[in-house]
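One structure is given here, and the rest of the page talks about it.
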Amino acid sequence: MIINATSNTIKSIWKFFLFIIIIFVILILTLLQGVRINSLSLPFVEVTQLYIKLDKKLIVSIKDLKINTKHETSSSYEELQNYIDLLPIVETLFDSISIQKIHYENDVARILFKNSLFYVDTKYLSIDSSVKNLSNNILFEIKELIFKDFDIEFQGSLEVNLGKNSYDFFGNYESKGIHGNAKLRMIDNELFYRISSKPTHSIAFFMDYLNTKVSIEPEVSDWIYKNIVATEYKIEYLEGKINLKTFDYFPKSMRGKAIAKNATITFNQEAPPAFAEEVTVLLSDDTLSFKLKNGSYQQKPIENSKVYIYNLLTEDTGIVVELDSNLLLDNEIQKILKAFNINIPLIQKQGLNASKLKLDIDFIPVHVKEYSGIFEFENSHALLGGLEVFSKSGTILMENENLTFKNVHLQHKDLFSIYIDGILNTQKKEFKGKTNIEFIDVNLKDKKLLHVKNFLSNTLFFIHQNSIQINLLDLDTNLSFLENGAHFEIKSIQSLKPFSELLEELQIKQATASIRTKDYQTFNSTTIKVKELESMLYEKNGTNIQNLTLEVQNDSKKFHLKDKTDRIKASFEKDFKLELENIDIKTDFSKTSSSLDFNIFVKGKNSTIFDTNSSLSILNDNFSLEQKGDEINFESSYKKGTLKFLSSKEKIFLDADNLGDKYVNALLGKDIFYEGEMSLFLDGKSKKDFQGVFFLHEGTLKDLKFFNNIMAFINTIPALATFKSPKFNDNGYEIQDGYISFIRKQNTLTFDEIKLKGHSADISGKGSLTLETNKLDMKLQISTLKDISNAINNIPIIKDILLGEGGRIYTNLSVKGTLDKPEIATHILEDTVLTPVNIIKRALQLPFK
């Protein structure tokens, strides 16, 4: 039984091997004939138009091959290495392979291997070469090898030693317009290179591309190809190595040399460039140095100058610029220094000079780490702190922010001459040392503001970026000589008066001043703090303004002044102009001057004008006053009211409308009106020859002796006092509408027509007032008992018997005397006698009406 089982097992094994052999024979026979398959789908693979044949070696042709697996290579280097590693296997098994399209991960590739032709085109790589030898060493004659991710193309010979895993290339390259020779050797993952280039006119495209691939700081890249621009570039050699796995390019082992011809070197965009016939660029030990041949800056040689970038491809990258020449410390050098926040307050314009300047500049962020220099000058014209100075001789040593002055002579015109020795800290802007002042002589126009000679003690000296400042401590005075003009700060005029002819002549008791001038004729910014001032200006609370801080600008033609609160503004050129806000004026209304040879313009906002000789005042929300010779034009507004006044030799005009009681009472200096709206119109030839009209609406007339005496007179007459209305009493006369027309001729004021319509009584009449004597001559008619008359008027028959024409009761008055003592007379006796007769007369006439 065991034997049978063993026999059956052996038979099964033979049957299996027989099946395999038969399948293999069939497959071999099929491949020998060639197989075509239009479409084949397998897991992860789809094939279209597959042809495969066995003729000693396999011949494979595929139109489309779709691979649904992840493509693991991520660079042209990896793909090249993979294809080269597969070549021995491909050559052993295949006579030819042609795949027109390989689809993977949204990418398309093409492969052709036939008759020693090796062609590959993928996302990262393109190879067109012939394979000369396929043994342990593979020799490629490369027509085209493009590393697409690096945008570089090679032509030449590539020898691959698969046993040692080494690659050797020698040939040509091209990238971004640069052509040259290249010698490359790759062992394992390290690439050793040495390249050179043919002359080219620009490396901008190459450097822009390189910046995206290699970690070079933008400032460093700018120096390599933007700050040094040449008409021709050539790389003599560049050698080093790169780890293709980590992409470490070993910057300290890189070596190189390049030549730039007819170079323009820009230290800073704000400064003129330097020029060199040739710049030799050397790379060694991570330092890029630039050597100039026939270099010049501002047409002066800088042969001994040096520029080099250290830590080029590592951390803490910086650049050192060394200028060694007889360059003046002029504006162009200053532009370079100021670009790096180096402030030397001296700018040379001409003279003899020897200078050395060294800048050590960090790139991240861009700033000067250290700087130093030596400047020696003789018979030089310069700007010190922006001020024109002449120097007989001197030496300045610079060590970062400290400038050491050694016996430096400075003279500015005829204003001052000094010698200084000491150290100026440009950050603190403070000079410490010795200052020998030969003289300081400052004149304002034809007056001496300051005259100091051989002044040695208690003097501080500062050199700022735009000024020279001399502090005279004993005189409480600081003198700053600026680039354009000067600034004099006087802390107390009392201390300076003995040294100043001008201050002796001024009549200010106590003041401080800050004076700025451009040419000692124009004072464009002067601040004066005045104390103990006696003025016509008052605060709203009635306090006299004695202390003012004034800002003054003036020259020989113009004058401008304002206080620090902007409430007072004045100017004078051809005309005098004054603007006030929230400030009252106290002045004598009786004093006017027409002898001025200039015009006056005054504007006020919320400013009341008071008469110093009376209680009169003019309230103003806004007012304007213009005086042109004999002509005065005044306009005022207060709340709803407006007033316009014009006065000249030939005309006087006044138009006041919607005036309130407060405005009119203030203008009259008496509390005469209560509430109401008043208007006044005047028109005439002069103050003594005009005519006018006065209107009053819904106001009360009170506290007027003329009116009070009429009320007192009425009270003495029982017949009138009995019917006295509450609205016609000692508290005032309430007027609905009033109208007074008047004319002035010389000293006589004639009232053509007076019509006052009151709530309880109406007054009408006319008269005159002699202004010199205040003598009155008035004829008035008072229509009283309006309330009673109105009541009777509503009773039939009775109104016709008791009331006269128009249903009113009338009383006639004569007013004599003066305004202060009016004398009032009436025709009351005549009216009383006639009253009964008139009543009987109206009763008898009633039936006939």
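How would you order 281-289, 97-105 from highest to lowest mean count of nearby Cβ atoms within 10 Å?
281-289, 97-105
List the pairs from K497/K529; K63/K143; K234/K293; K649/K688; K349/K428 whose alpha-carbon separation is above 18 Å, in the order I gave them. Display every interim value, and only then the final one.
Details: K497/K529 16 Å; K63/K143 25 Å; K234/K293 16 Å; K649/K688 11 Å; K349/K428 26 Å.
From K497/K529; K63/K143; K234/K293; K649/K688; K349/K428, over 18 Å: K63/K143; K349/K428.
HN-Hα J couplings of region 561-571 from phi, Karplus 6.51/-1.76/1.60, θ = phi - 60°, integer Hz, Gly and Pro as x?
Each residue of region 561-571 in turn: 9, 7, 8, 5, 8, 6, 8, 10, 9, 9, 8 Hz.
Given H placed 1.01 Å from N in the peptide plane, which residues other than close sequence neighbours of I361 have an amide H under 5 Å from its amide H?
Close amide H contacts, sequence-distant or interchain: I319, V320, V321, K369.
Please arrange R185, R36 by counting, for each residue, the other beta carbons lying within 10 Å of its beta carbon, fewest first.
Exposure proxy ranking, most exposed first: R36, R185.
Can you work out the FRET efficiency for the pair D621 and I423, with r the C-beta to C-beta distance and R0 = 45 Å, to the nearest 0.05?
0.15
Pulled fully out, how much extra length does the chain show between I89 and T287, if you take 0.36 nm times their separation in residues and subtract their Cα-Cα distance?
Computed gain between I89 and T287 is 66.6 nm.
Any read-out appearing in this document is the output of simple, stated calculations on the displayed coordinates, not a laboratory observation. Quantities reported herein were computed from a predicted structural model and do not represent experimental measurements. FYI the Cβ positions are ideal-geometry reconstructions off the backbone, even for glycines, and counts take in every protein chain you see.
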